[in-house]
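The values are calculated or read from the model by the stated rules, or taken from the named source; none is laboratory data. These numbers come from a predicted model, not from an experiment. All Cβ positions, glycine included, derive from the backbone under ideal geometry; neighbour counts span all protein chains shown. Accessible surface is based on the protein model in full, side chains and every heavy atom, while ligands, DNA and RNA are left aside. Shrake-Rupley method; radii C 1.70, N 1.55, O 1.52, S 1.80 Å.
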Amino acid sequence: MNNNTMILILVALVLMSAFFSATETAFSSLNKIKLKNQANNGDKRALKTYNLSENYSRLISTILIGNNIVNILMTSLATVLFVKLLGEDLGVTYSTIIITVTVLIFGEITPKTIAKEMPEAFAMAVTPVISVLVTLLKPITFIFDQLKRLISYVFKVESDDTYSSDEFITIVEEAHNEGEMDDHEADLLTNAIEFNDLDVKEILTPRVDVVAVDIRDSLDEIEKKFRESGFSRLPVYRDNVDNIIGVLHEKDFYYLYYTKTKTSLKQILQRVIYTSPHVKISALLRQLQSSKSHLAVVIDEYGGTAGIITMEDILEELVGEIYDEHDEIEEFYKKIDDNTYLVKGDLDIDDMFEYFNIVTKEEYDFVTTSGWVIHNCDCIPQIGQEFDFENLHITVTDADAKKVNEIKVEIKEPENEESNDSHFMMFNKKDKESD
């Protein structure tokens, strides 16, 4: 074999090494969902590529076998060529250096970079060739598959292909950051993923904010409650709010109010659905749907009323706040300057932490910012009471005997820069004194 023939074979082997490297990267980086959508739209090449990627273990074995065969042949042939041209000592050295650099640049880095930029298109382009190689090398890949199973059995290796909720949320965030999904779509998907993790206690209307009527109230008093609250349903209790006996619908009440029929208020009450603060809202939603109810009473461990929750509250966790023509939009944050905010006490504490980029692993029994402030102060604080948390300075600006209505949040600048500056000034001062 003459030198020119050997050089041509080496070039061909470099191209084959590039082919295998690029194919490996393409199949490991491709988006299976995108491929499946193309296949469902009638793209036969996409279907074949998707089927190949589904048996990734056999595919990667085929690619690695082919790539290693090519690289071994390339190294051996290059050594023979350079020894023939330069002698044994120089030939081996030059062969090692040149083949290593060539394989790195043209057989690994460049083809993998190209394949990474367009994995689906490249994978579909090489599918016919790879399909043939998978069939030809099937006996060898079968042996490697059995060896892999043996190793997995000996070392008790278990694969985990499942995704957690946090991983799904990360996928959504990546799609949003890359511009493939707008803000509304990202929020909707994130809310849907987190939906099953939410408990009733996290979104209920607390007892102190519940608008309810006594069964013994006059029709005029109840009409005033409906008119002032703007609610379409009101819980009805006997004696106190811990004894809710039914739910009164606005439509049923006004029919009774204006027709002055002899029907008693108790006869038009709807059945009460009771639930626990620790029930998942997804389970409660199914319960409300099956019972054709829109409101549930949340009871605490002692049987008292902890609050109420409506179907609208649950749906808002999916689609965001739902406002009608008469709702007043409540602003939870009011910006004073770049580092100072006024925050409402009934804001969800997790939302406040997210807003101010606070990361904490501590689990709390409370849900609102008011509960968090009371927890940190070890009492129901008075106006003007202060404390520090992480990089925030908190001042109570509005409170009553039962809860905190508003706080002022001041974001403190990091102290490290100041300490470094002071250290630098002291260092310069010492230098000057020594001079």
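Mind sorting out which of (i) 26.1, 86; (ii) 34.9, 117; (iii) 21.8, 69 is the real Rg and Dmax of the Cα atoms in Å computed from the coordinates?
Label of the calculated value: (ii).
Need the list of aspartates and glutamates near K266 for cross-linking: C-alpha distance under 19 angstrom, and skip anything on the same chain fewer than eight residues off.
Within the straight-line limit of under 19 Å, K266 reaches these aspartates and glutamates: D214, D217, D220, E221, E223, D239, D242, E250, D252.
What does the charge count near D217 come to, summing +1 for each Lys or Arg and -1 for each Asp or Glu among other residues with Cβ under 13 Å from its Cβ?
Once positives and negatives cancel, what remains is 0.
With the contact rule set at Cα under 8 Å and sequence spacing of 6 or more, what percent relative contact order holds for the range 156-247?
Value for the range 156-247: 18 percent.
Scan around F389 for amide H atoms under 5 Å from its own, H built in the peptide plane at 1.01 Å from N, and keep only partners 5 or more places away or cross-chain.
I394
In nm, give the distance between the simple-model label positions of N357 and Q146, each being 7 Å from the Cα along the Cα-to-Cβ direction.
With each label point 7 Å from Cα toward Cβ, the separation is 5.8 nm.
Would you mind checking which residues have amide H under 5 Å from Y237's amide H? H placed 1.01 Å from N; only 5 or more apart, or other chain.
V213, D214, I215, I245
What whole number of Å gives the distance from the Cα centroid of the range 196-211 to the Cα centroid of the range 164-190?
When both Cα centres are located, 26 Å separates them.
Between E331, E108, E228, find the one with the highest GNM mean-square fluctuation for the chain; connect C-alpha pairs within less than 10 Å.
Highest fluctuation among the options: E108.
Can you tell me the order of 185-193, 3-11 when each peptide is scored by its average per-residue count of other Cβ atoms within 10 angstrom, highest first?
The packing order, highest mean first, is 185-193, 3-11.
Listed highest first by mean packing, meaning other Cβ atoms within 10 Å per residue, what order do 254-261, 294-301, 110-117 come in? Could you put the intermediate results ahead of the total?
Numbers: 254-261: 12.4, 294-301: 18.9, 110-117: 16.6.
Highest mean packing first, the order is 294-301, 110-117, 254-261.
Taking springs between alpha-carbon atoms closer than 10 angstrom, which of V359, V14, V409 fluctuates most in the Gaussian network model of the chain?
V14
Quote the accessible area belonging to E223 in square angstrom, nearest 10, computed with a 1.4 Å probe and with ligands, DNA and RNA left uncounted.
20 Å²
How much length, in nm to one decimal, is gained on full extension between I33 and I383, taken as 0.36 nm per residue of separation minus their Cα-Cα distance?
Result: 120.5 nm gained on full extension.
Of K224/K334; K34/K361; K36/K280; K334/K403; K280/K361, which ones are farther than 27 Å apart at the Cα?
K224/K334; K34/K361; K36/K280
Estimate the FRET efficiency between K334 and D242 by the formula 1/(1 + (r/R0)^6), using the beta-carbon distance for r and 30 Å for R0, to the nearest 0.05. Walk me through the numbers on the way to the answer.
Working: r = 36 Å, r/R0 = 1.19.
Here the calculated transfer efficiency is 0.25.
By how many degrees, between 0 and 90 and to the nearest 10, does the Cα long axis of helix 415-434 differ from the longest principal axis of the chain?
So the inclination is approximately 60 degrees.
Calculate, for E410 and D187, the FRET efficiency according to 1/(1 + (r/R0)^6) with r their C-beta to C-beta distance and R0 25 Å; round to the nearest 0.05.
The formula returns an efficiency of 0.30 here.
Over the chain, what is the relative contact order in whole percent, taking alpha-carbon pairs under 8 Å and six or more residues apart?
Answer for the chain is 10 percent.
Which distance in nm do the two modelled labels at V83 and V132 give, with both placed 7 Å along the Cα-to-Cβ direction?
3.3 nm
Please list, or write none, the lysines whose alpha carbon is within less than 21 Å of the alpha carbon of K32, excluding same-chain residues fewer than 8 places away.
The qualifying lysines are K44, K48, K112, K116.
Springs between alpha-carbon atoms under 10 Å, Gaussian network over the chain: tell me which of T263, T25, T170 tops the mean-square fluctuations.
T25
Going by accessible area, probe 1.4 Å, with all protein chains left in place, what is the ranking of R286, R45, R233, largest first?
Descending order: R286, R45, R233.
What spacing in nm lies between the two simple spin-label points modelled at V211 and I9, each 7 Å away from Cα in the Cβ direction?
Here the modelled spin labels are 9.0 nm apart.
Under a 5 Å amide H to amide H cut-off, with H placed in plane at 1.01 Å, what residues pair with E406 once short-range neighbours are removed?
Counting only residues 5 or more places away or on other chains, the set is G345, T397, D398.
Explain nothing, just compute: Karplus ³J(HN,Hα) = 6.51 cos²θ - 1.76 cosθ + 1.60, θ = phi - 60°, for every residue of the range 302-309 in order, whole Hz, x for Gly and Pro.
Whole-Hz 3J(HN,Hα) from phi for the range 302-309: 9, x, x, 7, 8, x, 10, 9.
So what J values fall out for the range 139-154 if you push phi through Karplus, 6.51 cos²θ - 1.76 cosθ + 1.60 with θ = phi - 60°, rounded to Hz, Gly and Pro as x?
x, 6, 5, 4, 5, 5, 5, 5, 5, 5, 4, 5, 4, 4, 6, 5
On a full-extension model of 0.36 nm per residue, what is the gain between A401 and D365, subtracting their alpha-carbon distance, rounded to one decimal in nm?
10.9 nm
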